[in-house]
Structure formats: structure tokens, C-alpha cells
Amino acid sequence: MPTINPHRWWALAVLAAAQFMVIMDTSIIGVALPEMQRDLGFSQGDLQWVFNAYVVAFGGLLLLGGRLSDLLGARRVFTAGWAVLIAGSVVAAAAHTAWVEIAGRAVQGVGAALIAPAAMTLLMVLFSHDPKELGKALALYGAAAPVGGTAGVFLGGVFTEWLSWPWVFVIYVPIGLATLAATKLLPEVGSRRGAIDVLGAAAVTAGLALAVFAVVRAPEAGWGSTATVLQLAGAAALLALFLALQRTVRAPLMPLGIWRTPGLAPANVAMALLGAAWVPMWYFLNLYLQQVLDYGAFASGAALLPMTLLLMVFMTTVTARLLGRFGAKKLLVGGLLTLAAGLLWLSAVEPAGSFLVDVLPASLVAAVGMSLAYIPGLMSAMANAPQEQAGLASGIVSTTYQVGSALGLAALTAVAASQGAGRLGDLPALTNGFSAAFAGAAGIAGAGALLTALLMDRGSRGGRVAATADGPAKGAEREGREVAA
């Protein structure tokens with residue numbers, strides 16, 4: 001019988017705090033972006049690197065973080081991840097140039113890539129003795145993500161408005177130190193011998209970074225220019241090298257055989273397109289509020305709170321019940337279509353628009369769509385994986401979502417720039433650019449819905465979550481426990 005840790009609920013609080021902070025790190029910077037742009041000299045096109053540097057490092061190294069957690073021990077890797085995240089936060093807070101800021105954000109992403117998989121491993125170790133406790137722990141851990149996103153939007157506005165933008169990074173230092181002090185509550189997880197595919201991790205991360213860089217620079221250099229072609233070719237070569245290594249190395253980060261799992265590929269396509277639509281919406285909505293409607297940092301954060309609060313409520317309550325009743329495929333398609341509708345609505349923004357007419361209703365529709373699609377997408381990617389590969393499937397879909405977010409933001413920033421979003425102070429031009437980005441994101445979400453409808457197998461467990469005699473919500477919860485196990 002597994003040993004029961006008497007401090008497991010306190011340990012869960014530490015792990016949930018880690019999930020909270022990792023997710024908050026992607027949302028807290030949103031309302032601070034215009035201030036950072038003015039102080040650090042970012043161009044309108046390069047500003048996205050404040051977000052993408054974190055996401056590329058996080059997504060590119062997530063599988064490596066999981067492998068290190070398995071080999072070196074989850075508690076040790078969790079602790080190391082927090083030390084790296086704190087160091088990156090100090091660099092980002094102290095930055096006086098754009099490139100130092102980008103470097104700090106990348107280091108933060110490396111720390112997050114170590115923390116996230118180690119935290120999940122520790123959670124499974126703490127609660128593996130009781131499926132009921134495990135389900136409750138997973139629910140609390142999962143709820144920390146939308147709460148972190150909501151808190152980030154609010155705190156980013158507070159810090160930027162009444163202190164200064166570096167405080168959106170300074171806050172990680174005391175919280176990180178407190179978390180490190182609390183790691184003694186976490187269980188020791190034994191290490192084991194094995195190889196680490198460092199070259200594979202370097203190839204995939206460098207390939208993704210180069211692809212994003214090429215797309216970001218293409219509007220200025222020209223899509224057919226020698227530089228753009230060489231950069232995209234280099235990115236393709238690095239990603240091809242990664243795939244070749246996964247076939248040949250003794251301990252690959254991503255054994256390619258997992259892609260034979262029913263439903264895994266279409267679910268990952270859906271999650272990549274979901275990230276490619278949702279994250280650009282959040283990014284450009286922040287810029288529209290501050291650069292066109294002339295909102296301050298706090299007012300901008302407050303304007304986004306209704307959307308993030310609705311997202312949190314739906315993801316923690318409504319989605320689970322609908323999942324049990326309608327199944328993952330229908331909910332994922334419906335969520336992506338709803339997101340597309342909200343984005344299309346946002347594309348009608350005006351230079352002299354208002355929050356109540358141009359932003360609030362459309363953003364709430366988009367938030368409903370995201371909340372309906374995200375959890376079914378995760379479950380569809382993991383539901384058919386063998387038990388021994390569930391962790392790998394989880395890491396792949398998390399990586400896919402992050403990579404889709406980075407590439408989508410890069411592509412739609414190029415679209416926005418081509419329509420005038422680089423002309424600061426020219427409100428009609430800025431609005432045209434942001435409108436084009438929202439319309440492009442709507443197209444991406446719509447494409448995701450179409451591909452999901454066509455490719456996802458209705459008969460797979462990813463395509464349906466059966467309601468049980470306990471009711472649809474508990475049926476979804478049971479499915480979630482099966483996936484997590």
C-alpha cells in the first residue's frame with residue numbers, strides 16, 4: 001500500500017502556488033507592455049518578444065524538463081526551476097535595454113519548463129494512494145491556472161499604474177523564495193539512471209525560436225528575401241534534426257511511436273490553433289485598450305477582468321458538466337467556433353470605440369469559447385495514451401499549445417504591421433492593424449473547428465466522455481482521473 005504523506009495538502013498548496021505563478025507569468029505582463037515599450041525602446045513589432053521569449057523557452061524545453069524530473073528527482077528539479085525563475089525575474093526587472101529584457105524572459109521560461117512537469121509528478125506521488133483524493137487534488141491544481149491568469153491581469157495593472165513595470169517581475173522574488181523554503185513539505189522522489197537528449201532539446205528549441213524570429217522579421221525584410229528564406233530553411237532543418245534524433249537516440253524526449261495513439265495528432269492540431277488564436281487576441285486587446293482607447297495600465301487590467309473571471313468560472317464549473325453531457329469533440333468544435341465569433345466581433349473595433357460596445361461583449365463571447373475548448377482539447381490529447389505514456393502525452397500537448405501561441409502571435413503581428421499597426425499615434429492605422437489581427441485570429445479558430453470536426457474520431461475516448469450513473473459532471477471528473485493516471 002502506498003505511503004500516505006501527512007502533509008500532502010500543504011504540499012499541494014505549494015504545487016498549486018507554482019502552477020499559479022507559471023500561468024500568471026504569461027498574463028501579468030500584458031498591461032505593462034506599452035510602458036515597457038516606451039522605457040526600453042521596443043519597436044511595435046519587436047514588443048511581442050517580451051511574451052514570445054518566455055513561451056518559446058517554456059514550450060521548447062518542457063519535454064526536457066519532464067525527462068530531467070524523471071532522472072534527477074522531481075523535487076530537485078522543482079527546486080532548481082524556482083531558482084532559475086527567480087534569477088530570470090531579477091534580470092527582467094533590472095533590464096535597461098530591450099535585449100536584456102528578452103534574455104530575462106527567456107530565463108524565466110527555462111525555469112517554468114522545469115517547474116511544470118516536476119510539479120505534476122510530485123502531485124501524482126502525493127495522492128496516488130486514493131483516486132478520490134487524486135481527483136480533488138487535480139481539480140484544485142487545475143483551478144490555480146485560471147486564477148493565476150486572472151490575478152496576473154489585475155496585479156499587472158496595479159503594479160504598472162502605481163509602482164512601475166519592473167514590479168511585475170519583482171513580485172516573483174519574494175514568492176519564489178517563500179516557495180523554495182516550503183519545498184521541505186514535498187516528497188523525495190528517487191532518481192534513476194538514464195540518458196538525456198540534450199541535443200534534441202537544443203535542436204527543437206532553436207528551431208522554434210528561429211521560426212518565430214523569421215516570421216517576426218519577414219514584414220520588414222520581405223517574405224521572399226534571402227534572409228527570410230534562409231531563416232525559415234534553418235528552422236526547418238533544426239526541427240528535422242530533432243525528429244531524426246528522436247528516431248536514433250537511445251532515450252528520446254519524444255518517442256515518435258506515441259503519434260500512433262488514436263486522437264493524439266488531431267487534438268494537438270486543435271490545441272496549437274487554439275493557442276494561435278487566443279494569445280494574439282489577449283495581446284492585441286491590451287494594445288488596443290492602451291494605444292487607441294488611451295486607457296491607463298490599471299484601467300486596462302480592470303477592463304480585462306470580466307473576461308478572465310468568466311473564463312475562470314466556466315473552466316472550473318460549467319465545462320466539466322458540459323463535457324460529460326456532450327463529449328470532448330462537440331465541446332471542442334463548439335468552443336473554437338464560439339471563440340471565432342468573439343474574435344470576428346472584435347475585428348469591428350473603431351478608433352473612437354468604447355469598452356462597453358467594442359470590447360466587453362465580444363471579449364466575453366471569446367472567453368466562453370476558450371473555456372469550452374481548452375479542457376476538452378487537453379483531454380482529447382491524453383485520453384487514448386497508454387498509462388505509461390500519459391505524462392509524455394501531457395507534455396506534448398502543453399508544448400504544442402505554447403508553440404502555437406508563439407507562432408500565431410508572430411504571424412498575426414506581421415499581419416497587423418502590414419495594415420498599419422506599427423504607426424504609433426495614428427489611431428486609424430493602429431485600429432486597422434489590430435482589427436486585421438483579430439480577423440486573422442478568428443480565421444485560425446475557425447480552421448481549428450473545421451479540422452477538429454473532420455479529423456477527430458468520434459469513437460475514440462477523446463471524442464466522447466460518457467456520463468455515468470453518478471451524473472455527467474462526475475463522469476467527466478472520473479475521465480479526468482483516468483487521463484491523469
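Only the coordinates and a few stated rules stand behind these numbers; no lab work does. Predicted model only: the values in this text are computed from it and were never measured. No Cβ is skipped: glycine too gets one built from the backbone with ideal geometry, and neighbour counts run over all protein chains shown.
Go through 214-227, 197-210, 321-334 and give me the packing order, highest mean Cβ count within 10 Å leading.
For the peptides 214-227, 197-210, 321-334, the packing ranking is 321-334, 197-210, 214-227.
How do His7, His96 rank when sorted from fewest to most other Cβ atoms within 10 Å of their own Cβ?
The fewest-first ordering by Cβ neighbours comes to His96, His7.
Counting alpha carbon pairs within less than 8 Å and at least 6 residues apart, what relative contact order, in whole percent, applies to region 197-250?
Taking the mean separation of contacting Cα pairs over the length of region 197-250, I get 50 percent.
Mean projection of the alpha-carbon convex hull of region 197-250 over all orientations, in nm²?
Values: hull surface 13.2 nm².
Mean shadow area of the hull around the Cα atoms is 3.3 nm².
Would you kindly calculate the mean projected area, averaged across all directions, of the convex hull enclosing the Cα atoms of region 23-116, in square nanometres? Intermediate values should be presented prior to the final figure.
Numbers: hull surface 21.9 nm².
Approximately 5.5 nm², given one-decimal rounding.
Can you tell me, using C-alpha contacts under 8 Å and at least 6 residues apart, the relative contact order of the chain as a whole percent?
The normalised contact order for the chain reaches 21 percent.
With the Cα gyration tensor of the chain giving a ≥ b ≥ c as the square roots of its eigenvalues, does the rule (a/c under 1.5 for rounded; else a/b larger than b/c for prolate; else oblate) give rounded, prolate or oblate?
Judged from the Cα gyration tensor, the chain comes out rounded (a/c under 1.5).
Arranged by the count of other C-beta atoms within 10 angstrom, fewest first, what order do Val84, Val77, Val249 take?
Details: Val84 20, Val77 27, Val249 15.
Lowest count first: Val249, Val84, Val77.
Please say if region 273-338 is rounded, prolate or oblate, where rounded means a/c under 1.5 for a ≥ b ≥ c the square roots of the C-alpha gyration tensor eigenvalues, and otherwise the choice is prolate for a/b larger than b/c and oblate otherwise?
oblate
Suppose the Debye formula is applied to equal point scatterers at every Cα of region 1-194; what is log10 I(q)/I(0) at q = 0.14 Å⁻¹?
Rounded to two decimals, the profile gives -0.76.
Summing -39500 (n - 2.57) over the DSSP H runs of n ≥ 4 in the chain and dividing by its residue number, what mean residue ellipticity at 222 nm do you reach, to the nearest 500 deg cm²/dmol?
-25500 deg cm²/dmol
Can you sort Ile4, Ile171 from fewest to most other Cβ atoms within 10 Å of each residue's own Cβ?
Ile4, Ile171
Classify region 174-299: rounded, prolate or oblate, from the alpha-carbon gyration tensor (a ≥ b ≥ c, eigenvalue square roots; a/c under 1.5 rounded; otherwise prolate if a/b is larger than b/c)? Working shown, then result.
Values: a/c = 1.97, a/b = 1.14, b/c = 1.73.
Oblate shape, in that a/c is at least 1.5 and b/c is the bigger or equal ratio.
List the trypsin sites (Lys or Arg not before Pro) within region 225-296 that fall in a DSSP loop (any state other than H, G, I, E or B) and whose Cβ has at most 11 other Cβ atoms within 10 Å.
Arg250
With a 10 Å radius around each residue's Cβ, average the other Cβ atoms per peptide and rank 444-456, 347-359, highest first.
On the way: 444-456: 20.5, 347-359: 15.3.
Going by the mean number of other Cβ atoms within 10 Å, highest first, we get 444-456, 347-359.
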